[in-house]
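The values are calculated or read from the model by the stated rules, or taken from the named source; none is laboratory data. This is a predicted model, so every value here is computed, not measured. Here the Cβ positions follow ideal geometry from the backbone for every residue, glycine too, while neighbour counts run over all protein chains shown.
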Amino acid sequence: MAETAGNGGPPTAAPQGSAAPQFTVRGIAQYIKDLSFENPNVHKLLENPGDQPNLRLEVNVGASRLGANTFESVINFKAEATNKLGTVYDMELAYGGTFQIDNLPDQQLEPFLLIHCPGLLFPFARRLIADLTREGGFPPLLLDPIDFGALFVKRQQDKAEAQTKPVN
């Protein structure tokens, strides 16, 4: 996976007097970092599938620096389907990517790693989740697109609220 970012084309020198950052992104790797799929009540479900399952889905994004210009971005998914018989399935996936990012201003790095990089990884993780649930004996879980920008804003708001709360 390779991508050039910034102005949408290949990296070029910024025109004199231009404040627009010029940067490059090179995807080094993408991978399953952690994976778990549990089907604890398969025998009960084969005898009596029960009612439609309720699905609870959690999505979290994290990033870390691996080297001077090398970063890891990880999307963590947790999906739990339950019905009156109990847990239908429990799936956890941490899907990551390693990126080399050059010439990006420090103040833009965190949002880039938590919005843009997960956006690049998401289609591959989405397909993997659909395949896992299907191979687990269930209809494929087809995730809707995720607005990683909104997740980032919520994360920033939660951080700000935590900092303004008085300590008892």
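Give LEU120, LEU132, LEU113 a once-over and let me know the one that is in a helix (DSSP H, G or I), crowded, with 16+ Cβ neighbours inside 10 Å, of a type outside the set (Lys, Arg) and touching a Ser or Thr at 6+ places or on another chain (Cβ under 8 Å).
Numbers: LEU120 fails: touching a Ser or Thr at 6+ places or on another chain (Cβ under 8 Å); LEU132 fails: touching a Ser or Thr at 6+ places or on another chain (Cβ under 8 Å).
So the residue among LEU120, LEU132, LEU113 that is in a helix (DSSP H, G or I), crowded, with 16+ Cβ neighbours inside 10 Å, of a type outside the set (Lys, Arg) and touching a Ser or Thr at 6+ places or on another chain (Cβ under 8 Å) is LEU113.
PHE99 passes all but one of (1) in a strand (DSSP E or B); (2) of a type outside the set (Gly, Ala, Ser); (3) touching a Gly at 6+ places or on another chain (Cβ under 7 Å); (4) closer than 17 Å to LEU143 by Cα; which number fails?
Of the numbered conditions (1) in a strand (DSSP E or B); (2) of a type outside the set (Gly, Ala, Ser); (3) touching a Gly at 6+ places or on another chain (Cβ under 7 Å); (4) closer than 17 Å to LEU143 by Cα, the odd one out for PHE99 is (4).
Kindly establish whether GLU72 is under 18 Å from the mean Cα position of the chain (by Cα), closer than 30 Å to GLU47 by Cα and surrounded by 17 or more Cβ atoms within 10 Å (Cβ to Cβ).
No: the conditions fail for GLU72.
Please find, within the range 82-97, the residue that is surrounded by the most Cβ atoms within 10 Å (Cβ to Cβ) out of those that are among the hydroxyl-bearing types (Ser, Thr, Tyr) and modelled with pLDDT under 95. Break it down stepwise before answering.
If we filter the range 82-97 for residues that are among the hydroxyl-bearing types (Ser, Thr, Tyr), which is where we start, we get 82, 87, 89, 95.
If we keep only those that are modelled with pLDDT under 95 too, we end up with 82, 87, 89.
Working: THR82: 16, THR87: 15, TYR89: 23.
Filtering first and then ranking leaves TYR89.
Could you please let me know if PHE138 is outside any helix (DSSP H, G or I) and surrounded by 13 or more Cβ atoms within 10 Å (Cβ to Cβ)?
Criteria met by PHE138.
Within the range 49-60, how many residues are touching a Ser or Thr at 6+ places or on another chain (Cβ under 7 Å) and either exposed (fewer than 15 other Cβ atoms within 10 Å of the Cβ) or modelled with pLDDT of 95 or more (or both)?
Within the range 49-60, residues that are touching a Ser or Thr at 6+ places or on another chain (Cβ under 7 Å) and either exposed (fewer than 15 other Cβ atoms within 10 Å of the Cβ) or modelled with pLDDT of 95 or more (or both) number 1.
When the residues of the range 1-48 are narrowed to those that are part of a loop (DSSP other than H, G, I, E, B) and at pLDDT 70 or above, which ends up farthest from the chain's Cα centre (by Cα)?
So, considering only residues that are part of a loop (DSSP other than H, G, I, E, B) and at pLDDT 70 or above, the one farthest from the chain's Cα centre (by Cα) is ASN48.
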